1. Could you give every pair whose Cβ atoms fall below 8 Å, whose first residue belongs to region 167-184 and is free of Cβ contacts under 8 Å to residues at least 40 places away in the same chain, and whose second residue is β-branched (Val, Ile, Thr) and in a helix (DSSP H, G or I), counting only separations of at least 6 or pairs across chains?
2. Return the total of residues in region 284-313 being open to solvent by 50 Å² or more (accessible area, probe 1.4 Å) and either touching a residue at least 60 places away in the same chain (Cβ under 8 Å) or over 19 Å from the mean Cα position of the chain (by Cα) (or both).
3. Out of the helices (runs of 4 or more DSSP H) lying entirely within region 203-269, which hold 3 or more residues that are more than 18 Å from the chain's Cα centre (by Cα) and hydrophobic (A, V, I, L, M, F, W, C)?
4. Restricting the search to region 242-267, which residues are open to solvent by 40 Å² or more (accessible area, probe 1.4 Å) and touching a residue at least 60 places away in the same chain (Cβ under 8 Å)?
5. Among the residues of region 635-656, is any within 25 Å of ASP566 (Cβ to Cβ) and touching a residue at least 40 places away in the same chain (Cβ under 8 Å)?
6. Any residue in region 568-587 that is without any contact (Cβ under 8 Å) to a residue 40 or more places away in the chain sitting within a Cβ distance under 6 Å of a residue that is of a type in the set (Phe, Trp, Tyr)? List the pairs, counting only those 6 or more apart or interchain.
7. Restricting attention to region 618-627, does a residue exist that is touching a Leu at 6+ places or on another chain (Cβ under 8 Å), charged (D, E, K, R), farther than 28 Å from ALA651 by Cβ and assigned to a helix (DSSP H, G or I)?
8. Is there any pair with a first residue in region 338-351 that is closer than 10 Å to LEU379 by Cβ and part of a helix (DSSP H, G or I) and a second that is among the basic types (Lys, Arg) and modelled with pLDDT under 90 whose Cβ atoms are under 7 Å apart and which are 6 or more apart or on different chains, and what are they?
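The values are calculated or read from the model by the stated rules, or taken from the named source; none is laboratory data. Bear in mind the structure is a predicted one, so any value in this text is a computation, not a measurement. Heads up, the Cβs are rebuilt from the backbone with ideal geometry, glycines too, and the neighbour counts pull from every protein chain shown. For accessibility, only protein heavy atoms count, side chains too; no ligands or nucleic acids. Shrake-Rupley method; radii C 1.70, N 1.55, O 1.52, S 1.80 Å.
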Amino acid sequence: MRKMPVIAAVSALVLALGGGALWMTRVPAGGREPARQQLATSLTLLERGNATAARSWALKASRSDPKWPLAHAVLARTYLALGEGLAAQAALGRARDAGFDMGRAHQLRAEALLLQGDAKAALKEVRKAGPRYARYALRVAARALAAQGDLPAAQIVLTDLLREVGGRDAAAWVELGRVRQQVGDVGGAIDAATRALSMDRRRVDALTLRAELVRGQYGLVAALPWFEEALRVDPWRHDTLIAYAATLGDAGRNRDMLRASRRALAARPGSADALYLQAVMAARAGENDLARALLQRTGGALDGRPGPLLLAGVLDYATGGYQQAIGKWRAVVAAAPMNLVARRLLGAALLEGGDPRGAIAALRPVVLRSDADSYALQLVGRALEATGERDWAARFLDRSAIPVQAAALQFGTDDDLAMLAQSAVDAPGSPVARVNLVRGLLFRGMTAEALRQAQIIARAYPGAPQAQLALGDTLMTLKRFDEAAAAYARAANLRFDEPTMLRSVEALEATGKRDKAAVVVALFLAQHPGNVAARRLIGHWQIAGAQWDAAIDTLEGLRADIGNRDAALLAELALAYAGAGEEEAAQVYAAAAYALAPLNPAVVDAYGWVAYQIGGTAQAVELLRKAVAIAPGHGGLRWHLAQALAESGDAGAAKANIAAALADPGFADRVPAKALAAVLAKG
């Protein structure tokens, strides 16, 4: 091994321990030579970004010469780089016992306390740091402020620091990027990560941050090379391995996810995060006992975190432990009120557990949405029946039977407008509070004021995707579809997730740009190959385009993933098989869909249309009449009924239904409908 000059080692130590001359002493003599070389190697690796290997060499140095305080101090620094606060504090204690001047390590101790979750103590400790370590201390202070929820103050500390050093502090840019990410300023976070990497392309924390931002901005697959670049610098960086494994799992690469999680366990034995990811994979495979055993091995280290709580609740619910599941899902909703999945699960468990009013309260924000899903609506309807409120129950059950036609607003709210306005005033740096006000205004039909507020937010927070989404939602409500599509495109450039994709598609379809909508879905599906919503859209469009075999492949793939209890999916499969001439399969799927949802007009229509296509005109007319009775304003249903009536010889009723179909502005098959009407008029 090449020897590192003493001066170079000391120079590297200045960088490693916080930006100042931390330890001034003579070079260790004679018997300390192995420790000296090991420490020099550690410092070199730390400077190159490989903190894991740096820790190994610092550990060797501290064991080679346990009485050398510098070795313990450097070891503490490597632990801090790896996010291991308790181990860092222990190493600092050994450095102190060996004679290290702890007056020069307040910033290190502060970070160790912060990593252990004690932000208050970290702030107290960081104030003791000397001027030589001011930059390091300020970065720790900003993180502590952010941990306490004071994100505006954290941003001020970091921007002031960067201004003082002319922007030449890659670590500060990474911290600023994290804070901006927390407040929803995705554009600002991307800029900060880019600046950090322009100064140091080997910074693992900057590469990991950029990977996380790319995951939201472009998708799962696009993020993987960024994680992989970070892992080329430090192949055993635990936190990066965890984020990489989670992304692989979400992208459907389960074997690669398992390998990455095992590497994380090797890097940090007993890693609760790695065990949780393996539990998720086991649950996805239906191995509930294994998933439960893996969660138990975390030893409570993940208590309070939404993901593990959701999974633990699902495992409890599967074995009849409704009250245990309710307790876990309540905690998730309390911590994340806008978590729709948790609210649906909690509502179902409360209803099953005999608390219908609790179920209604849990599901209320979900069913206030204009695009509330049929499952949530059915749950509320059943809960209202259980409380004796049958009129209200009927309304929600009727809504659950009708396919969603309304714009996909993110979340309904009936909170007091004055309260929402005051929340926006109290949090001037938060786009979220302002967005909630816009949604409150929309909920009450105050569209002009909602638009004014949404435009202000979009201008004030150009890097916040939720601000652009709020503007797009408002414009969609006003039927200004082209402008809404533009707002959604700006949001998608910052965060291209499922809600943004669906909004973009809806706006583009409203303007007649199905080709552009298809490109949006294709781009999203390339990054999220397992996404159910995108695959549904593809299958639906394939049916509309008479691409029967392709539709069958798409929809059968979905059925294999989500099972046989989705009536809408089975109905579309029936249509695809009927179009392909496979009558027996079409009848089986249509009947199965109808058995699941006999009041869903789309399902009833599919059953009737399949009957019509295979020659069962009388049955078709009966079913299609029922579909129209449930949703009389739907032009597509009227058109199907008109064709069946014409075939049965009832020209008058057929013409009436064609007229009703043409009165629907969303009806697409106008040319063939007018042609049939002309034929019937002559006959």
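1. Filtered contacts from region 167-184: LEU176/THR159; GLY177/ILE190.
2. To start, the set of residues in region 284-313 that are open to solvent by 50 Å² or more (accessible area, probe 1.4 Å) comprises 284-290, 292, 296-297, 299, 301, 303-306.
Next, only the ones that are either touching a residue at least 60 places away in the same chain (Cβ under 8 Å) or over 19 Å from the mean Cα position of the chain (by Cα) (or both) stay: 285-290, 292, 296-297, 299, 301, 303.
The total comes to 12.
3. Counting at least 3 such residues, we get 204-217, 220-233, 254-267.
4. ASP250, GLY252
5. no
6. That search, which allows pairs on different chains as well, returns LEU570/TYR589; LEU573/TYR589; ALA574/TYR589; ALA576/TRP548; GLY579/TRP548; ALA580/TRP548; ALA585/TYR577; ALA586/TYR577.
7. Of the residues in region 618-627, the ones touching a Leu at 6+ places or on another chain (Cβ under 8 Å) are 621, 624-625, 627.
Next cut, charged (D, E, K, R) only: 625.
Checking the rest, the ones that are also farther than 28 Å from ALA651 by Cβ come to none.
Within region 618-627, none of the residues are touching a Leu at 6+ places or on another chain (Cβ under 8 Å), charged (D, E, K, R), farther than 28 Å from ALA651 by Cβ and assigned to a helix (DSSP H, G or I).
8. LEU351/ARG382
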